[in-house]
Amino acid sequence: MTRRRTWCRSHWAGRRRWWWWSLPITSRPRRWRKFIAWAKKQPQGVTFGSSGIGTTVHLSGEMLCRRTGIQGLHVPFRGGSEALTGMLRGDIQFVVDNLPTALANLRGGKLRALAVTSAERWPDLPEVPTMAEAGVPDFVVTSWGAITVPAGTPAPVVEGLSQAMRAAAADPALQKRFAQTGTRALGTTPQEAAARAARERPMWQELVRGSGATLD
């Protein structure tokens, strides 16, 4: 599985989605409002890391700066693990990262989660508020993936695969394994997955334009 969002011209066959719950992680002030107040007072602004230019981690960081009025400088790394290592060294101040990438450091007490960008709190981090609870409404961003097949795949085949994946996603043992890694398996129809992609595309397009990210 990959955490990078990839668009392709194909049928959405997945009834199962994998969600990585993004969250601001910082070694600075330990509460959300105090961190935002501290960041706004920095004369040169603050730096935030990501797994690379144009990734959802980068764009989520840009979105956070815009919504809160923080002056943020993006520092791209060669992956999420390197970004977190950079923050532990003090090279950057925060990351809006995927939960699986940060989970070990969160559990080990090396980093602190200030908020989650999901619509509800994550079960393993019950004390961490959502962005809405922290005072930033309309900030629901999750990284997800869908199983795809080539365009032109017969509908009965697509439906059969979809039903099988939905059944797998409903398995309690599989759900438990996903939860242990900070992810969740959810069942959807191909139509629901395609609708979500279409609904989110304008938001990501606007963030890409605003960030100045290019394929170069």
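For the chain, a crude dipole built from +1 on the beta carbon of Lys and Arg and -1 on the beta carbon of Asp and Glu, taken about the Cα centre, is about 420 debye to the nearest 20.
State to the nearest 20 debye the size of the charge dipole of the stretch 80-165 about its Cα centre, where the only charges are +1 on K and R beta carbons and -1 on D and E beta carbons.
With only Lys, Arg, Asp and Glu charged at Cβ, the dipole is about 280 debye.
Its DSSP H runs of at least 4 residues, each contributing -39,500 (n - 2.57), put the calculated 222 nm mean residue ellipticity of the chain at -13000 deg cm²/dmol, to the nearest 500. The C-alpha atoms of the chain define a longest principal axis, and helix 155-169 lies at about 50 degrees to it. Calculated on the alpha-carbon coordinates, the convex hull of the chain measures out at 121 cubic angstrom per residue. Overall shape of the stretch 115-216 was characterised from the C-alpha gyration tensor. The equivalent ellipsoid obtained from it has semi-axes of 28, 23, 11 Å, in decreasing order. Bridge orientation summary for the chain: considering DSSP beta bridges with both residues in this region, about 70 percent are antiparallel. Highest GNM mean-square fluctuation among Val116, Val46, Val57, for the chain modelled with Cα contacts below 10 Å: Val46.
Skip the ligands, DNA and RNA, and give the accessible area per residue of the chain with a 1.4 Å probe, whole Å². Mind showing how you got there, number by number?
Details: 11400 Å² over 216 residues.
Ligands and nucleic acids excluded, the figure is 53 Å² per residue.
Candidate cross-link partners of Lys110 among the aspartates and glutamates, defined by an alpha-carbon separation under 18 Å and a same-chain spacing of 8 or more, comprise Glu82, Asp91, Asp97, Asp124, Glu127. Share of carbon and sulfur in the accessible area of the chain stands at 52%, probe radius 1.4 Å. Relative to the Cα centre, the charge distribution of the stretch 25-79, modelled as +1 at Lys and Arg Cβ and -1 at Asp and Glu Cβ, gives a dipole magnitude of about 380 debye.
Averaging the sequence gap over all C-alpha pairs within less than 8 Å and six or more residues apart, then dividing by the number of residues, gives the chain a relative contact order of 35 percent. When the Cα positions of Trp144, Ala198, Pro156 are compared along the charge dipole of the stretch 141-207, Trp144 comes out farthest toward the positive end, with charges on each C-beta of Lys, Arg, Asp and Glu.
The values are calculated or read from the model by the stated rules, or taken from the named source; none is laboratory data. Note that the coordinates shown come from a computational prediction; the quantities given were computed from them, not determined experimentally. Cβ coordinates were reconstructed from backbone atoms using ideal geometry, including for glycine residues, and neighbour counts include every protein chain displayed. Ligands, DNA and RNA are excluded from the accessible area calculation, which covers all protein heavy atoms including side chains. Shrake-Rupley method; radii C 1.70, N 1.55, O 1.52, S 1.80 Å.
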